[in-house]
1. How much net charge surrounds Ala152 when only other residues with a Cβ under 13 Å from its Cβ are counted (Lys, Arg +1; Asp, Glu -1)?
2. Can you tally the net charge around Gly62? Count Lys and Arg as +1, Asp and Glu as -1, for every other residue whose Cβ sits under 11 Å from the Cβ of Gly62.
3. On a 1.4 Å probe surface of the protein chains, which of Thr185, Thr252 comes out largest in accessible area, and what is the full order?
4. So what's the angle, to the nearest 10 degrees on a 0 to 90 scale, between helix 213-226 and the longest Cα principal axis of the chain?
5. For Arg140, Arg224, what's the largest-to-smallest order of accessible area, 1.4 Å probe?
6. Could you work out how far helix 126-138 tilts from the main Cα principal axis of the chain, as a 0 to 90 degree angle to the nearest 10?
7. Fully extended, how many nm does the chain gain between Lys11 and Lys169 (0.36 nm per residue separation, minus their Cα-Cα distance)?
8. For the chain, report the accessible area per residue in Å² (1.4 Å probe, heavy atoms, rounded to an integer).
Amino acid sequence: MQNIYLPEKVKVIKIETHSPDVKLFRLQKVKGKFSQDKNGMIFGPGQFFLVGMWGYGEAPFGAASSPENSSYIDFVIRNTGGDVTSALHHLDKKAEITLRGPYGNGFPVKFLGKKDLVLATGGCGIPPIASFIEYIIKHRKNFGKVYLLYGAKTPQDILLKDRLKAWEKHIKVILTIDKPAPGWTGRVGFVSDFVKEIEIDPNNACAAMCGPGPMMNALEKILRPLGISDRRIFVNTERKMQCGIGKCQHCTTGEKYTCLDGPVFYFDEIDKNWD
Ligand SMILES: Cc1cc2nc3c(=O)[nH]c(=O)nc-3n(C[C@H](O)[C@H](O)[C@H](O)COP(=O)(O)OP(=O)(O)OC[C@H]3O[C@@H](n4cnc5c(N)ncnc54)[C@H](O)[C@@H]3O)c2cc1C
């Protein structure tokens, strides 16, 4: 019988420091490539994997690279000071670690096709949104107008800076920092302050979001005036999680499992006590 908890060995082929406490890890299979499904997908945007290190444990992370890239998968990981993220942040390139997944539902990519999209994120919520944007850009004609709202505390906290620049050629990027900072000439304020820059058809628009609680509250203020209904707002949620496959019950929220029924939920399905 196959052991469902058995992870696969992968090697770290790149580590980039993106902010004082966030690093990008590029993982490759030790042998061969990641397997694609019949649509050429390795995972769905918004799905997650369990990344592990022997002796430290496993933790869930959303994949941040193109879901159609079978050569490697990128993860953007904040060091929380816990066992797994601390150990990962002390890794050297070429280390071997473990991976299992993909798990969870991910964003409903087919349903979102042909729609105008408001993608919103802040802090370290960018990985699932990043993989979705890579997918959108590859299939640009299948989507309507696309806006990325991305809020960071300071310029040093902006993640995936190179990709943000590349994305600007294909989608409208609304990047903002919380407070003025030396040398920063871009937008200042919360993402909710820039709603006037969004021009969408509310009857044909959806939103996909992932970010910290306070940002979600701010986004609610944006999405209401834009007229996007709750069943068209998809939220990628984070819960403390262990097994990732509906066995341990650590990630339950009401009667739902974040790992099996989520991590993407309709806006009216999620617990709004964000902290
Ligand atoms: C589906 C999913 C996708 C995720 N994607 C990413 C990602 O792409 N990048 C990233 O940096 N993190 C992501 N996380 C959060 C990440 O899994 C946790 O930060 C990680 O488990 C911490 O592991 P640790 O062993 O280092 O710390 P732990 O010892 O598990 O925890 C350290 C501290 O972080 C808190 N914590 C742990 N997990 C969570 C959580 N899920 N939400 C809030 N607080 C938590 C703990 O209460 C504790 O204070 C995701 C979580 C889920 C459920």
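1. Once all neighbours under 13 Å are counted, the net charge is +2.
2. With Lys, Arg at +1 and Asp, Glu at -1, the neighbours total -2.
3. Sorted descending by solvent-accessible area, the residues read Thr185, Thr252.
4. 40 degrees
5. So, going from the largest accessible area down, we get Arg224, Arg140.
6. 80 degrees
7. On the way: separation 158, 0.36 × 158 = 56.88 nm, distance 3.22 nm.
Extra length from Lys11 to Lys169 when fully extended: 53.7 nm.
8. Working: 13460 Å² over 275 residues.
Ligands and nucleic acids excluded, the result is 49 Å² per residue.
The values are calculated or read from the model by the stated rules, or taken from the named source; none is laboratory data. None of the values given here were measured: they were computed from a predicted structure. Cβ sites come from the backbone with ideal geometry, for glycine too, and all protein chains shown count toward neighbours. When the accessible area is computed, the model is the full protein with side chains, heavy atoms only, and any ligands, DNA or RNA have been set aside. Shrake-Rupley method; radii C 1.70, N 1.55, O 1.52, S 1.80 Å.
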